[in-house]
Amino acid sequence: MREVISATGQYLIGLKRTDTEQLRIPAQFSEYTILFIPKGEGIYHADFGTFHYSSPVILFSTPLQMISIEQNQPTPVTMLQFHGDFYCIEYHHSEVACNGLLFNNVYIKPCVALTDQNVHTLADVLEDIDQEFKQGQPADIVLRAYLQLFLAKSSSIKMKLIDSPYKPIQKDEQMERFRQLLEEHYLTLHSPNEYAKLLAMTPNNLSKRCSRYFNKTPSQLIQERIVLEAKKQLHLTRQSIKEIAYALQFEDEFYFSRFFKKVTKVSPQTFRNKTGISVVADLSRQ
């Protein structure tokens, strides 16, 4: 395990060699986590989502997501993790558009399939990070540059996959419409039946097509979308828990906290304490 810890004891960035067997037990990390798996195939669980993958692949998770891997034959995994205090994906969005593409998107798979060329490219960057860690005092600015390069390369690969005409799943216009409706109404419409009615579909048909298209049920998507917004407010603003609960149209902060903890396994305050408040929060106040 190679890592950088701040003067206050905060884990900032780390590179670890592990294997898929060690990741079989569900775990939550306070950092953004990237898993580079060069061999094998299996199932990646991230919160409510269940995603089949075939290596070589990179998997992504946001802070405090519940993740685990099922793979019959244990294979090596390189785990790259970084805290938002070390590299803020919101602040650097104009340089590396990984927020909403690799991280923080409830609709698309948190996986990126790799070609052999991609593997060599990303493996080289990971090796550069590893070599920098081996220095007596690794330079934050160098590690940050390599991390940004890794995220930029991954985002570019992901965008090409999204734009490719050769996708394994054809676009379902009704499910794309469901995505639009959920973005418009997630604060007020919380029942799958309400969306089924707007789509002129039966609830059962919506459930089947949603599960096939997004790898999640309509109820799971609705809950994840609300929680995603809550996480944004907790991380990107200095609003109180009560103010965030009000903005998300919960009856009170206690009901909001119970809902948040039921989905994430941690309270809103714990989430904020572990992930920190982004520099973007203070920039917006200037």
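The values are calculated or read from the model by the stated rules, or taken from the named source; none is laboratory data. Keep in mind that this is a model prediction, so the values were computed, not measured. Quick reminder, even Gly has a Cβ in these numbers, built from the backbone with ideal geometry, and neighbours come from all protein chains shown.
Can you go through SER68, SER61 and tell me which one is surrounded by 22 or more Cβ atoms within 10 Å (Cβ to Cβ), closer than 24 Å to VAL227 by Cβ, polar (S, T, N, Q) and assigned by TED's automatic domain parsing to the domain that holds LYS153?
SER61
This table checks each residue for (1) within 27 Å of THR50 (Cα to Cα); (2) outside any helix (DSSP H, G or I); (3) under 14 Å from the mean Cα position of the chain (by Cα); (4) of a type outside the set (A, V, I, L, M).
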{"site": "PHE60", "(1), (2), (3), (4)": "yes, yes, yes, yes"}
{"site": "VAL106", "(1), (2), (3), (4)": "yes, yes, yes, no"}
{"site": "LEU122", "(1), (2), (3), (4)": "yes, no, no, no"}
{"site": "VAL125", "(1), (2), (3), (4)": "no, no, no, no"}
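One line per residue, one yes/no per condition, for (1) crowded, with 20+ Cβ neighbours inside 10 Å; (2) closer than 25 Å to HIS83 by Cβ:
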| position | (1), (2) |
| --- | --- |
| TYR255 | no, no |
| LYS265 | no, yes |
| THR275 | yes, yes |
| SER278 | yes, yes |
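Condition (residue is within 22 Å of the chain's Cα centre (by Cα), surrounded by 15 or more Cβ atoms within 10 Å (Cβ to Cβ), under 27 Å from ALA113 (Cβ atoms) and among the polar types (S, T, N, Q)) applied to region 192-211: is it met by at least one residue?
Checking region 192-211: at least one residue is within 22 Å of the chain's Cα centre (by Cα), surrounded by 15 or more Cβ atoms within 10 Å (Cβ to Cβ), under 27 Å from ALA113 (Cβ atoms) and among the polar types (S, T, N, Q).
Quick one: LEU189 ticks every box in (1) at pLDDT below 95; (2) part of a loop (DSSP other than H, G, I, E, B) except a single one, so which number is it?
For LEU189, the failing item is (1).
Considering only region 128-150, I want to know if a residue exists there that is in contact with a helix residue (DSSP H, G or I) (Cβ under 6 Å, 6 or more places away or on another chain) and acidic (Asp, Glu).
yes
Which one is surrounded by the fewest Cβ atoms within 10 Å (Cβ to Cβ) among residues in region 71-100 that are in a strand (DSSP E or B) and not hydrophobic (A, V, I, L, M, F, W, C)?
This residue is PRO76.
When both residues are 6+ apart or on different chains and their Cβ atoms are under 6 Å apart, which pairs have a first residue that lies in region 13-33 and is within 23 Å of PHE271 (Cβ to Cβ), and a second that is among the β-branched types (Val, Ile, Thr)?
ILE13/VAL4; LEU23/ILE69
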